[in-house]
Amino acid sequence: MNGAFYIGAIGLDAQQRALEVVANNVANINTAAFKRSTVQFSELVAPLRDRDDLVLQQTGASHLQGVTLGAAPIVWSQGAMQQTGQPMDLAINGDGFIELAGPSGRSLLWRGGTLKINSDGYLAAASGVPLRAMISVPQGTSAITIGSDGAVTAVTGSDSATQQIGQIDLVTVKSPDMLADTGNGYYEADSESQLTTVKPGDEGAGVLVQGSLEGSNAQLVDEMTNILLLQRAFGANAQVVQAGDQLMSLVNQLRR
C-alpha cells in the first residue's frame, strides 16, 4: 500500500484535532478567566534502514511516518481585568487559584468568576461547588465584602453590623502544566503535593479583586490566524492523499 495514504491520513487527523482546540479557544473568548490552549505537533519517523526493511511498507508499518498532535498545553498568562461593579464577581490578579471542595472530596482549582450562595448556605462558585474554606453566609445578610487579602465580611441585621465570616486563601501550583482541565473553568492536580496554600499577596499568588472578572486570554485575531494556518496544512495533507491516489491509479493502468 502506498505510504502516502497513511502519512496524509495521520496529518489530516492531526490538523482536525488542532482545529478543534483552536475552535474551543474562539468559543470561549468571552468566558471569564478562560485559559486558551495551544497545539504541539510531534513527528513520527520510521526510516528504512536497509533493503530488507522494504517488507515493513508491505505490512503497513509505514503508517508510523508523518505528523501527529502531540499535546495541547494550557497557556496560563493573565487575562485582562474587567470591572463589573457586581459584588459577587471575584477575580485573581496573579497566578494563584481559589480551591473548591469538589465531589468526593476532590480539590478543584478555580480562577474566579461569579460567586453565589448555594442551597446549603455556603459561598460557592456559580455551579454551586462550595469554596474549600466552607464560608457559611448568615441568613439576613444584605452585603458581602471580600478584601484583597481574602477576608470575607458580611453585613447582617437591621443595624447594619458587620462581621467577618471567613477567609479565602489562594493556592499556588508547582507545575501548572500538569493540571487537568475538568470543564466549567475548573482544574485538578494529579497530586495534592503540587499544591501550596498561601495568603493572598504572598509568594506571587496574587490578590483578590471584588467586583471584577478576569477576561479570557484568547485573542480573536491570533486564533483566526491559527485557523487559517491549520486549514492550509489540512489542505496540504489532503493533496498528499490525492497524489497517492493518482500514483496508485497510474500503477493499476500499467498492470493492464
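Some values worked out for this structure:
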{"quantity": "Residues of segment 174-198 with amide N under 18 Å of the 7 Å Cα→Cβ point at residue 167", "calculated": "196-198"}
{"quantity": "Segment 81-214: Cα Rg divided by the 2.2 N^0.38 Å rule of thumb", "calculated": "1.03"}
{"quantity": "Additional length obtainable on full extension of the chain from residue 227 to residue 192, 0.36 nm per residue less Cα span", "calculated": "9.0 nm"}
{"quantity": "Dipole magnitude (debye, nearest 20) for the chain, charges at Cβ of Lys, Arg, Asp, Glu", "calculated": "720 debye"}
{"quantity": "Partner lysines for residue 174 [C-alpha distance under 17 Å; skip if fewer than 8 residues away on the same chain]", "calculated": "199"}
{"quantity": "For the chain: relative contact order, % (alpha-carbon pairs under 8 angstrom, 6 or more apart)", "calculated": "27 percent"}
{"quantity": "Alpha carbon convex hull of segment 169-256, projected area averaged over orientations, nm²", "calculated": "10.8 nm²"}
{"quantity": "Span from the segment 79-117 Cα centroid across to the segment 187-256 one, whole angstrom", "calculated": "25 Å"}
{"quantity": "Segment 141-155 - phi-based ³J(HN,Hα) in whole Hz, Karplus 6.51/-1.76/1.60, Gly and Pro as x", "calculated": "5, 9, 7, 10, 10, 10, x, 5, 8, x, 5, 10, 10, 10, 9"}
{"quantity": "Net charge of neighbours whose Cβ lies under 9 Å from the Cβ of residue 25, counting Lys and Arg as +1 and Asp and Glu as -1", "calculated": "-1"}
{"quantity": "Relative contact order (percent, whole number), segment 81-214, Cα cutoff 8 Å, 6+ residue spacing", "calculated": "34 percent"}
{"quantity": "Order of 196, 172 - criterion: other Cβ atoms within 10 Å of each residue's Cβ, fewest first", "calculated": "196, 172"}
{"quantity": "Segment 143-187: relative contact order in percent, alpha carbon pairs under 8 Å with at least 6 residues between", "calculated": "24 percent"}
{"quantity": "For peptides 85-97, 125-137, sequence by mean Cβ density within 10 Å, most packed first", "calculated": "85-97, 125-137"}
{"quantity": "Helix-only [θ]222 nm of the chain, DSSP H runs n ≥ 4, -39500 (n - 2.57) each, per residue, nearest 500", "calculated": "-9000 deg cm²/dmol"}
{"quantity": "GNM result for the chain, Cα springs below 10 Å: residue of 158, 216, 107 fluctuating most strongly", "calculated": "158"}
{"quantity": "Potential extension, residue 143-residue 119 segment - 0.36 nm per residue separation minus Cα distance", "calculated": "6.9 nm"}
{"quantity": "Residue (of 153, 33, 239) at the positive-pole extreme of the chain, dipole from beta-carbon charges", "calculated": "239"}
{"quantity": "The chain - Kirkwood radius from inverse mean 1/r over Cα pairs (Å)", "calculated": "21.7 Å"}
{"quantity": "Using a Förster distance of 45 Å, the FRET efficiency for residue 253-residue 72 (Cβ separation, nearest 0.05)", "calculated": "0.55"}
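A short reminder: the numbers here are calculations on the coordinates, not readings from a lab. Source: prediction; values computed, not measured. In this analysis, Cβ positions are derived from the backbone assuming ideal geometry, glycine residues included, and neighbour counts consider all displayed protein chains.
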